[in-house]
Amino acid sequence: MVLKNYIFTFLFTGWVLFITSLSLLSFSGLDKGKVEIPYADKITHFSFYLIFAILGCLFLRERTRGNLELQKTITYVVFVAVFYGMLIEVLQYTLTTDRFAEFGDVLANTFGAVVGIALIWWYFSKERPLKWKF
């Protein structure tokens, strides 16, 4: 029963820890193989923050039982996602020796969060059967 009531809390918290770990750990000795995917780093950033935004909105919906308006939730989550993405880049620059802060990563994070928010907005729109409030 507890897991059902807190599923998005667990998922969002786990996702934030996952992103933080991958962003601050060193992968310099890792064999990348011979396949080079153009912009794989930016695609990864985009995907991580798209999921961050979706889970963040569902987390706030779960915690407030839908009483926090969708528009306010979206505003909070976009702000947190963008701030968190910038914070991670600063931490990479200051705490790690082989990771670099890149403006392109911040843009990919932001674009991913905006697309995630757009999906939430669309999914909970008036035309959809699933309502924001419980």
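The values are calculated or read from the model by the stated rules, or taken from the named source; none is laboratory data. Since the structure is predicted, the reported quantities are computational estimates derived from the model, not experimental observations. Note: ideal-geometry Cβ built from the backbone for every residue, glycine included; neighbour counts use all protein chains shown.
For region 68-84, does any single residue satisfy the condition of being exposed (fewer than 12 other Cβ atoms within 10 Å of the Cβ) and at positive phi? Working first, answer last.
At the first step, the residues of region 68-84 found to be exposed (fewer than 12 other Cβ atoms within 10 Å of the Cβ) are 71-72, 79, 83.
Next, only the ones that are at positive phi stay: none.
So far as region 68-84 goes, no, none of its residues is exposed (fewer than 12 other Cβ atoms within 10 Å of the Cβ) and at positive phi.
Look at G56 and say whether it is out of contact with any Pro (no Cβ under 9 Å at 6 or more places or on another chain), modelled with pLDDT of 95 or more, surrounded by fewer than 13 Cβ atoms within 10 Å (Cβ to Cβ) and closer than 25 Å to I120 by Cα. Give the steps one after another, and end with the answer.
Details: out of contact with any Pro (no Cβ under 9 Å at 6 or more places or on another chain): yes; modelled with pLDDT of 95 or more: yes; surrounded by fewer than 13 Cβ atoms within 10 Å (Cβ to Cβ): no; closer than 25 Å to I120 by Cα: yes.
Answer is no for this residue.
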